1. Please enumerate the residues belonging to the range 103-113 that are touching a helix residue (DSSP H, G or I) at 6+ places or on another chain (Cβ under 6 Å) and surrounded by 18 or more Cβ atoms within 10 Å (Cβ to Cβ).
2. Kindly indicate whether residue 77 is touching a helix residue (DSSP H, G or I) at 6+ places or on another chain (Cβ under 8 Å), surrounded by 10 or more Cβ atoms within 10 Å (Cβ to Cβ) and at negative phi.
3. Evaluate the range 107-126: report whether one residue or more is within 16 Å of residue 80 (Cα to Cα), in contact with a strand residue (DSSP E or B) (Cβ under 7 Å, 6 or more places away or on another chain), part of a helix (DSSP H, G or I) and free of Cβ contacts under 8 Å to residues at least 40 places away in the same chain.
């Protein structure tokens, strides 16, 4: 047994059906496409969602709600997370770069500091937005809450 005489198992490989190669092949003439109509023509492409003329699902189902184009999506960071950062990494200044380095936000996120948890460290925090309780908690410890 060597690589030069390897073969697939008998019956495991079939020849593909060659269509459009003459009447004698049994698949000539219309080449399995049927007679006339868009599907028999070359270059035919069915519209996505087309259901054979029946009213398509996306038109049967009603639309509702709206999308506010002015919405700002913030990535929230809680006070307890900042406290953990201050304890573990001995950080005094928390800004966007520090949060990115520690994997809490990505570089294009808008950052909002949220008020969950307790803050014991004196921190200078820079973010795009603060909740009222978070700002009060930071300033109560003698820290600063700077809006970017």
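The values are calculated or read from the model by the stated rules, or taken from the named source; none is laboratory data. This one's a predicted model, so the numbers in the text were calculated from it and none came from an experiment. Neighbour counts are summed over all protein chains in view; Cβ atoms, including those assigned to glycine, are modelled from backbone coordinates with ideal geometry.
1. Answer for the range 103-113, where residues must be touching a helix residue (DSSP H, G or I) at 6+ places or on another chain (Cβ under 6 Å) and surrounded by 18 or more Cβ atoms within 10 Å (Cβ to Cβ): 105, 113.
2. Yes: the conditions hold for residue 77.
3. Within the range 107-126 (the criterion being within 16 Å of residue 80 (Cα to Cα), in contact with a strand residue (DSSP E or B) (Cβ under 7 Å, 6 or more places away or on another chain), part of a helix (DSSP H, G or I) and free of Cβ contacts under 8 Å to residues at least 40 places away in the same chain), the answer is no, since none of the residues qualifies.
To keep it simple, each residue is scored yes or no on (1) assigned by TED's automatic domain parsing to the domain that holds residue 110; (2) surrounded by 10 or more Cβ atoms within 10 Å (Cβ to Cβ); (3) modelled with pLDDT under 90; (4) part of a helix (DSSP H, G or I).
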residue	(1), (2), (3), (4)
4	no, no, no, yes
8	no, no, no, no
14	no, no, no, no
36	no, no, no, no
44	no, yes, no, no
49	no, no, no, no
